[in-house]
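These notes are about the structure you will find just below.
The values are calculated or read from the model by the stated rules, or taken from the named source; none is laboratory data. These numbers were taken from a predicted model, which means no experiment stands behind them. As a convention, Cβ positions derive from the backbone with ideal geometry for all residues, glycine included, and neighbour counts pool all protein chains shown. Each accessible area value is taken on the protein alone, full model and side chains, heavy atoms only, with ligands, DNA and RNA left out. Shrake-Rupley method; radii C 1.70, N 1.55, O 1.52, S 1.80 Å.
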Amino acid sequence: MERKKASDYPQELLNLFDRYVHGGIGRREFLEGAQKFAVGGLTAVGLWESLRPNYAWAQQVPKDDSRIKAEYVAVPSPEGNGTIRGYLAQPAASGKLPTILVVHENRGLNPYIEDVARRLAVANFIALAPDGLTSVGGYPGDDEKGAQLFGKVDREKMARDFEAAARWLKARPDSNGKVGVVGFCFGGGISNNLAVRMGSDLAAAVPFYGGQAPAADAPKIKAPLLVHYASLDTRINAGWPPYEEALKAAGVTYTMHMYEGANHGFHNDTTPRYDESAAKLAWQRTLDFFNKYLRG
């Protein structure tokens, strides 16, 4: 499939797709709304197909890359759903290293998120990408089915699963005792949530275009935050001003970067919403941030 960019689509259509992806409307409603953009031989279904992820584009680090080793693991989560399955990626060389939890979007542990874990392993971190859909059978290999399963999981138990995974990572014998979290979309919200839940047990959090924690919980946050937003993502951005005010009042260390002209999901290199320049800059900032707060 030819790779398209966000600029190839009307912003109104991208916003409509964003509502569909996040459960605001169903597929039928998206197709009905997309019909007016189906011109020049395009169909609404064709537009829908072109906006969906193509995971072949996401592989920046091959699964068999000799620099890393990767495997699936099961992490106990007695206060959550019992167990959470995850993809563990780490450098091939041994030694005590910082650990990072990688939290997926609202579709489950897809190939893009697994690749993000491998990218962190190449950067000399131990990364675990758990699958929040473990309790309902795991990521089904299809994003639309993943979204349907997402609605069946107890959100509070899922949050406990991610916390259990972070604490498991932190306690590993090959960990240097520090754990950070990076999350995207839903995972960005979980990153903020973990900063509240874990307090000083979390060393750094990087939410990408994620929902904010309740302002009243800001005083519980002890980890420094690196917050990435897309300027066109008005749905998520609306929650930032009160959150920032609460972070300031609580004395939380934070840095926020707004990526002009970027859409929600700009780091995900499997869809047209991917913005290469914003994604690369945000990723380098993320690595620098983790190197600063998780090493030593």
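Data overview
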{"read-out": "Rounded if a/c under 1.5, otherwise prolate or oblate - the range 232-280, Cα gyration tensor axes", "value": "prolate"}
{"read-out": "Local net charge near Gly80, Cβ-Cβ under 9 Å (Lys/Arg +1, Asp/Glu -1)", "value": "-3"}
{"read-out": "Angle between the chain longest axis and helix 276-294 axis [Cα atoms, degrees, rounded to 10]", "value": "10 degrees"}
{"read-out": "Partner aspartates and glutamates for Lys178 [C-alpha distance under 19 Å; skip if fewer than 8 residues away on the same chain]", "value": "Asp161, Glu163, Asp201, Asp288"}
{"read-out": "The chain - percent of accessible surface contributed by carbon and sulfur, probe 1.4 Å", "value": "50 percent"}
{"read-out": "Degrees, to the nearest 10: 240-250 long Cα axis against longest axis of the chain", "value": "10 degrees"}
{"read-out": "20 Å Cα-Cα reach of Lys69 towards aspartates and glutamates, excluding residues that sit fewer than 8 places from it in its own chain", "value": "Glu114, Asp115, Asp131, Asp174"}
{"read-out": "Cβ-placed point charges (K, R +1; D, E -1), dipole of the range 72-190 about Cα centre in debye, nearest 20", "value": "400 debye"}
{"read-out": "Environment charge of Glu156, counting only residues whose C-beta is closer than 15 Å and scoring Lys/Arg +1, Asp/Glu -1", "value": "0"}
{"read-out": "Tilt relative to the chain, helix 111-122 - C-alpha long axis, 0 to 90 degrees, to 10", "value": "40 degrees"}
{"read-out": "Cα gyration tensor, the chain - rounded (a/c under 1.5), prolate or oblate", "value": "prolate"}
{"read-out": "Environment charge of Val136, counting only residues whose C-beta is closer than 13 Å and scoring Lys/Arg +1, Asp/Glu -1", "value": "+3"}
{"read-out": "Arg85 accessible area, assembled protein chains, probe 1.4 Å, Å²", "value": "110 Å²"}
{"read-out": "Accessible area expressed per residue, the chain, with surrounding protein chains retained (probe 1.4 Å, Å²)", "value": "42 Å²"}
{"read-out": "Gyration tensor verdict on the range 177-282 (Cα atoms; rounded if a/c is under 1.5, prolate if a/b is larger than b/c, oblate otherwise)", "value": "prolate"}
{"read-out": "Spatial separation of Cα centroids for the range 103-136 and the range 226-274, in angstrom", "value": "20 Å"}
{"read-out": "Extension gain, Lys69 back to Arg27 (0.36 nm per residue minus Cα-Cα distance, nm)", "value": "11.3 nm"}
